[in-house]
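What follows is one structure encoded as structure tokens, with my remarks underneath.
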Amino acid sequence: PAGPRLYALVTRFGAPCADRCPDPALFLLASADGGETWGSAHRLCPCPGAAQQWDPQIEVAGDGTVYAAWLQKEGPWRVLFARSSDHGVTWSEPIVVSGPGWADKPAMAVSDDGRDVYVAWSRAALFVAASHDGGSTWGRRLQIGVSERFHAPWGMAVAPDGTVYVGVTSEAPSFRGPVRAMVFRSADGGGSWSGTVIDAVFTGTDPFTTHPKVTVAVDADGRASVVYSGSTQAGGPGRVWSSSSVDGGSTWTPPVELPTGALVFGAGFPAAVGAGAGDLRAWFMDDRTGRWNTWYVRSTDGGATWSAPVRLSASGEGAPYRDALGFLSPYGDYGEIDVDASGRTVAVWGEGAGPPPGPGGSWFDRGT
């Protein structure tokens, strides 16, 4: 968000195109009235000749500049970056931030003033690139995770003091056994990094819906929090926990479980954002009703306790995969939560009949 403006970057399949556009492709939607109405979706980058676009990331600086990063197949998979200074109407020429070779799972964070931009991605090892001029130029790509394990970044955040955090899952090459829920942090603008294992969890009942994920948020006082999902045993129901740090990521509190529910699969797909001091807001999905739903929770004490969950996906209308109990399946493994200029929570998530290509769609809700 920036003022009353909101942005959503979504993946679409089979969209008409006159000149060899990627499919699926990323489309941008924008609202100038806090989400009351939305303009028509348009392609983020037509990128003629590219085969596919996935894994959208979008951030907005305090001055309204919009930043995007995404995964694009042009021969090898690569991570691209672009920015817009006119509310998403036009975009800069995309820059390949991941360099040669394949890349996967981009995550991005931007400082409030828009100068510091960080993009992380996986190449089995974890890599990060940083820009300190709003994305015009980029420093060298740093490997910050060992190549003997598969690292996937799921979220990034920049603290008021400039410390940057990235939430990561780290797995054995066999993708069996415990998954490390980790946080990597840098206090020198991305020049050096250190990692901390927050917990060890497992993939639950389903390799898609209950695969572990780690997101990260920072509040106005600089308290860093991770909200992560997984199971306590292989094949068990998915659950969600949080852990916080008040010393720049040096130490972390014991995990606190969020109020999820489980019927078959359990919970997963967390998203989190920090607001005022101690104010942490999150959503997750679970199947407590017999269908999947997206649930919102809030903590006002830095994640020590959490509110009762509020169902965001309450309406059974609007799509054939929805009914009064919820929706059939999470759709894709990306979603977002943020706080607008008036302090309201805004959220975007995916619902569908199954994993992509669905049918499915992106859904939006906001607090009152």
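The values are calculated or read from the model by the stated rules, or taken from the named source; none is laboratory data. On a predicted model such as this, the values are computed, not experimentally measured, just so you know. Note: ideal-geometry Cβ built from the backbone for every residue, glycine included; neighbour counts use all protein chains shown.
For segment 14-33, filtered to residues that are in a loop (DSSP other than H, G, I, E, B) and modelled with pLDDT of 95 or more, the residue that is nearest to D86 (Cα to Cα) is A32. All told, T196 meets the bar of being surrounded by fewer than 23 Cβ atoms within 10 Å (Cβ to Cβ) and either assigned to a strand (DSSP E or B) or touching a helix residue (DSSP H, G or I) at 6+ places or on another chain (Cβ under 9 Å) (or both).
Considering only residues in segment 80-102 that are among the aliphatic types (A, V, I, L, M) and closer than 15 Å to T137 by Cα, the one that is surrounded by the fewest Cβ atoms within 10 Å (Cβ to Cβ) turns out to be V96. Which of the residues belonging to segment 243-294 are among the aromatic types (F, W, Y) and surrounded by fewer than 24 Cβ atoms within 10 Å (Cβ to Cβ)? Of everything in segment 243-294, those that are among the aromatic types (F, W, Y) and surrounded by fewer than 24 Cβ atoms within 10 Å (Cβ to Cβ) turn out to be W252, F265. Can you confirm whether T345 is of a type in the set (V, I, T) and surrounded by fewer than 23 Cβ atoms within 10 Å (Cβ to Cβ)? Spelling it out, T345 is indeed of a type in the set (V, I, T) and surrounded by fewer than 23 Cβ atoms within 10 Å (Cβ to Cβ). Close Cβ contacts (under 8 Å, 6 or more residues apart or on different chains) running from residues in segment 326-352 that are within 17 Å of I58 (Cβ to Cβ) to residues that are among the polar types (S, T, N, Q) and not in a strand (DSSP E or B) comprise W349/S313.
Condition check: at pLDDT 95 or above, touching an Asp or Glu at 6+ places or on another chain (Cβ under 8 Å) and under 23 Å from T345 (Cα atoms). Does A277 satisfy that?
On the way: at pLDDT 95 or above: yes; touching an Asp or Glu at 6+ places or on another chain (Cβ under 8 Å): yes; under 23 Å from T345 (Cα atoms): yes.
Spelling it out, A277 is indeed at pLDDT 95 or above, touching an Asp or Glu at 6+ places or on another chain (Cβ under 8 Å) and under 23 Å from T345 (Cα atoms).
The set of residues from segment 295-319 being surrounded by fewer than 17 Cβ atoms within 10 Å (Cβ to Cβ), at pLDDT 95 or above, outside any strand (DSSP E or B) and out of contact with any Gly (no Cβ under 6 Å at 6 or more places or on another chain) comprises A304, T305, S307, A308. Among the residues of segment 334-354, the ones that are out of contact with any Asp or Glu (no Cβ under 9 Å at 6 or more places or on another chain) and within 20 Å of D104 (Cα to Cα) come to 2 in all.
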